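> Take a look at this one; I'll ask things after.
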């Protein structure tokens, strides 16, 4: 039974890592196609990718959209969670439902809806429209995480601060937010991940300035190439470094 | 009293921005889409009105029905297979792996999550292709004589999906398993329950809400996904999102695309109602 | 206005005028060959502008993008030559001065006034053409078989065929296979094509876009691509000399793409300059060998710029015969077009 467990785990990890291993291995392919046989080791695809103007621009756009939309989603989600967890408001169940609702809707539908509205209002598609869409998908997440994290401990601290004459924004900024630092950070980085990786909203709501997944998609459409492997490997390397760093710094300390 | 009113006003002020955003960029566009789904095309122009023709077509036109069936089949297979594969993995990590290594084991299990989403499907294409790693290996080992046809099939689509959702579900199921108090398990064992009985009567019921929540998320994400079937399926069959994108991207038929989206939304709602007893979205 | 007031006003005016020209951009709705930086960069450098390109698939989708845009959002557009009339009818293309275009240097069959000129006004100009026929790997199939379209569905090549994912040329080819002229495809005759199309689908392994089809042929996923042609194999000629294409005895389809200025553009002069650049011998040579797919330039003068090797790959010298044996794309009306697309979607989901 025990041996079987380890075997299962080994097979499962093999399955999980197989595509990544293949992806990374063939990014060093010297030949023109990222399939066996391996024709020798080469860094030329990395060179090509790092010198690609459009790709680097897309990288910058993705970063910008991810950080700005996540920050906004976190602010809105945090404030709403604070209000609904602390103040008795009529219809609060309904409001919570509405705020969570986008989580259950496919991104494709959100994108199509936004496209319809932007189109009929004559709003030009840009990174801003993508950002707006990404706030929609990340707001429920941020709200849910913040709402779940608001406990009684914070409540007493907040009340104490208020009794000492702090204004509400001071309570939020100096008491609630620092006490919830870990969940807030978790919500922010999860949002950044989702936005960073999101394809369909970014695909349908951009025009010329595109995000990284959309740029990778058009690379893909121009055929199998080890260059696509190289981009994927680079993204993987950077994200994993970030994840491990966060794991060590933020979450470990928070425990 | 004034204090309470003041507090209420403050509460409204804090919740308003989020509500306005969700209303303006989610609820309103959704309603606009629903309205558009009742329009129809005359030549290339959208004629607004109340016309259920698009819905009639969605449920009678064989191409559309087939896409719907394909989507449902793929999604159900993916959900079932992913849960069945992820549960043992999560359990092994939670119960077999020493506590100090568990976080690492878990991190490793979800590490490929951090490759780009589009790239992950592409990587599977490389693995499963005619000249891909699997075929090359099997041929070299002499296990097969002809390369297996795996890319551009439903098998490839399902594999790509399962890969992603096994990672997601391992994470959510682990989070549930780890919350089980060891005392329950010990108590059950002390009362003479066998391994299977402990699992069947203690562990499974206690983790069911987490599993169903994870399965529901899998269902929602899977049925609405365009990329995986588009890259791995090779256009040999269409799923609902692919059909929606075709109507939009090629035919420019936005009313029909909207109607199909509403149908997709309807399916997700039904799935939610079916699993609502257990799903706790605010506890994901 | 006193002189003193005029000074800042003039300065302001100068700034306003100077700023847009500094950051001038040309927005182009194009096919994937125009996204090649080697094609666009010389124009950008010469005029000090940035060319933004957005790809689209299929005329209906292109027109839908224009429908959802504001006037001035787009400056130039690449479109199927046979669909220029539809775009003009929808009011999407602006007239361009015929005397600015070097159509005198074109292959005569490619001037295509019956498509590019509507009501005596020129709205677009042909820029590139080629054939949708049968591409294959000559080491894996019998080249003699490829001269007859009926062999494809005869069972011999089941599971080794890829279909190019574009309904117009492939339905056109299927029509030719049935002895029907592409010009005769309409709502009444279309149903006759359904059975042969489904038979072709049954014999094939995948239906894929330009590049996936190239890749599939190059990696041996498929041995034959229906709807292929020089545009499919030329890019790969250097890597895989075994790839070939032919026009079977039933005939082949000729594709042609045109470029025009989008109605409502705020910079018609720059847009026209771009069109002129594309049809100039240099632009034509770069377009002919652009990275997404190769194709014959409409302007015969490009032959002076292309290398002999490039001309061999393009089969420059065989064009007179090819032009004679090929027919134009079907030109469906809106209803037929929808019916064709629906049949295509049904085929995809077979």
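The values are calculated or read from the model by the stated rules, or taken from the named source; none is laboratory data. Note that this is a predicted model, so its numbers are computed, not measured. Glycine gets a Cβ as well: all are built from the backbone with ideal geometry, and neighbour counts include every protein chain shown.
> Considering each of A:151, A:122 in turn, give the residue that is out of contact with any helix residue (DSSP H, G or I) (no Cβ under 8 Å at 6 or more places or on another chain), on the phi > 0 side of the Ramachandran plot and modelled with pLDDT under 90.
A:122
> Against the condition more than 9 Å from chain A (Cβ to nearest Cβ), modelled with pLDDT of 90 or more and either out of contact with any helix residue (DSSP H, G or I) (no Cβ under 7 Å at 6 or more places or on another chain) or surrounded by fewer than 19 Cβ atoms within 10 Å (Cβ to Cβ) (or both), how does residue B:80 come out, does it pass?
Yes: the conditions hold for residue B:80.
> Only one of these conditions is not met by residue B:41: (1) within 12 Å of another protein chain (Cβ to nearest Cβ); (2) in contact with a helix residue (DSSP H, G or I) (Cβ under 7 Å, 6 or more places away or on another chain); (3) over 30 Å from residue A:219 (Cβ atoms); (4) in a helix (DSSP H, G or I). Which number is it?
With respect to (1) within 12 Å of another protein chain (Cβ to nearest Cβ); (2) in contact with a helix residue (DSSP H, G or I) (Cβ under 7 Å, 6 or more places away or on another chain); (3) over 30 Å from residue A:219 (Cβ atoms); (4) in a helix (DSSP H, G or I), residue B:41 is out only on (4).
> Can I ask one more? Considering every residue within region B:89-97, establish whether at least one is surrounded by fewer than 18 Cβ atoms within 10 Å (Cβ to Cβ) and more than 9 Å from chain A (Cβ to nearest Cβ).
no
> In addition: Within 30 Å of residue B:224 (Cα to Cα) and more than 9 Å from every other protein chain (Cβ to nearest Cβ): which single residue out of B:139, B:171, B:125, B:180 fits that description?
Every option except B:171 fails the conditions.
> Now, a different point. Please verify whether residue A:239 is more than 8 Å from chain B (Cβ to nearest Cβ) and in contact with a helix residue (DSSP H, G or I) (Cβ under 9 Å, 6 or more places away or on another chain), treating the condition exactly as stated.
No; evaluated as a whole, the condition is false for this residue.
> Also, quick follow-up: Report yes if residue A:113 is more than 7 Å from chain B (Cβ to nearest Cβ), in a helix (DSSP H, G or I) and under 30 Å from residue B:240 (Cα atoms), otherwise no.
No, not satisfied.
> State which residue pairs qualify: first residue within 22 Å of residue A:76 (Cα to Cα) and inside region A:142-164, second residue outside any helix (DSSP H, G or I) in any location, beta carbons under 8 Å apart, and separation of 6 or more residues or different chains.
Note: pairs meeting the criteria are A:144/B:284; A:146/A:180; A:149/A:180; A:150/A:180; A:154/A:180.
> Going through region B:231-241 one residue at a time, which ones are surrounded by fewer than 23 Cβ atoms within 10 Å (Cβ to Cβ) and closer than 22 Å to residue B:268 by Cα?
Result: B:237, single match.
> Do we find a residue being surrounded by fewer than 20 Cβ atoms within 10 Å (Cβ to Cβ), farther than 17 Å from residue C:140 by Cα and more than 22 Å from the chain's Cα centre (by Cα) anywhere in region C:219-231?
There is no residue in region C:219-231 that is surrounded by fewer than 20 Cβ atoms within 10 Å (Cβ to Cβ), farther than 17 Å from residue C:140 by Cα and more than 22 Å from the chain's Cα centre (by Cα).
> Within region B:215-254, how many residues turn out to be at pLDDT below 85 and more than 12 Å from chain A (Cβ to nearest Cβ)?
Residues of region B:215-254 that are at pLDDT below 85, as a first pass: B:234-236, B:249-252.
Those left that are additionally more than 12 Å from chain A (Cβ to nearest Cβ): B:234-236, B:250-251.
So the answer is 5.
> Can we say residue A:77 is surrounded by 20 or more Cβ atoms within 10 Å (Cβ to Cβ) and either facing chain B (nearest Cβ under 7 Å) or part of a helix (DSSP H, G or I) (or both)?
Details: surrounded by 20 or more Cβ atoms within 10 Å (Cβ to Cβ): yes; either facing chain B (nearest Cβ under 7 Å) or part of a helix (DSSP H, G or I) (or both): yes.
Answer is yes for this residue.
> Tell me, please, whether a residue that is at the interface with another protein chain (Cβ under 7 Å from one of its Cβ atoms), in contact with a helix residue (DSSP H, G or I) (Cβ under 6 Å, 6 or more places away or on another chain) and buried (at least 20 other Cβ atoms within 10 Å of the Cβ) can be found in region B:98-110.
yes
> While we're looking at this one, here's another question. Can you tell me which residue is surrounded by the most Cβ atoms within 10 Å (Cβ to Cβ) among those in region C:246-280 that are more than 24 Å from residue C:55 (Cβ to Cβ) and touching a residue at least 60 places away in the same chain (Cβ under 8 Å)?
Selected residue: C:252.
> Ok, one more. Assigned to a helix (DSSP H, G or I) and within 30 Å of residue C:213 (Cβ to Cβ): is that true of residue B:236 in this structure?
Taking the combined requirement at face value, the residue does not satisfy it.
> Pick from A:21, A:71: which is more than 10 Å from chain B (Cβ to nearest Cβ) and in a helix (DSSP H, G or I)?
Working: A:21 fails: more than 10 Å from chain B (Cβ to nearest Cβ).
Only one candidate qualifies: A:71.
> For residue A:172, which of the numbered conditions (1) touching a residue at least 60 places away in the same chain (Cβ under 8 Å); (2) touching a helix residue (DSSP H, G or I) at 6+ places or on another chain (Cβ under 6 Å); (3) more than 29 Å from residue C:56 (Cα to Cα); (4) surrounded by 16 or more Cβ atoms within 10 Å (Cβ to Cβ) fails to hold?
Unmet condition: (2).
> Can you report the number of residues in region A:34-73 which are surrounded by fewer than 20 Cβ atoms within 10 Å (Cβ to Cβ) and under 20 Å from residue C:214 (Cβ atoms)?
2
> Right, here's the next one. Would you confirm whether any residue within region B:192-214 is under 20 Å from residue B:267 (Cα atoms), within 9 Å of chain A (Cβ to nearest Cβ) and assigned to a helix (DSSP H, G or I)?
Checked region B:192-214: no residue is under 20 Å from residue B:267 (Cα atoms), within 9 Å of chain A (Cβ to nearest Cβ) and assigned to a helix (DSSP H, G or I).
> If you don't mind, there's one more thing I want to ask. Can you pull out every residue in region C:301-341 that is within 14 Å of chain B (Cβ to nearest Cβ), surrounded by 18 or more Cβ atoms within 10 Å (Cβ to Cβ) and part of a helix (DSSP H, G or I)?
Within region C:301-341, C:337, C:338, C:340, C:341 meet the criteria.
> Now for a different question. If you check residue B:274 against the conditions, is it more than 24 Å from residue C:204 (Cβ to Cβ) and crowded, with 24+ Cβ neighbours inside 10 Å?
Against the criterion (more than 24 Å from residue C:204 (Cβ to Cβ) and crowded, with 24+ Cβ neighbours inside 10 Å), residue B:274 does not qualify.
> Let me ask another. Scanning for something surrounded by 23 or more Cβ atoms within 10 Å (Cβ to Cβ) and more than 10 Å from chain B (Cβ to nearest Cβ), does region A:143-150 turn up at least one residue?
yes
> While we're on this one: Listed residues B:21, B:62, B:12; which is modelled with pLDDT of 95 or more, facing another protein chain (nearest Cβ under 10 Å) and farther than 20 Å from residue B:164 by Cα?
Working: B:62 fails: modelled with pLDDT of 95 or more; B:12 fails: modelled with pLDDT of 95 or more.
The match here is B:21.
> When residue B:73 is evaluated against the numbered criteria (1) away from chain A (no Cβ under 14 Å); (2) under 30 Å from residue C:194 (Cβ atoms); (3) surrounded by 22 or more Cβ atoms within 10 Å (Cβ to Cβ), which criterion, by number, is the only one it fails?
(3)
> Being facing chain B (nearest Cβ under 10 Å) and surrounded by 22 or more Cβ atoms within 10 Å (Cβ to Cβ) narrows it down to one of A:119, A:133, so name that one.
A:133
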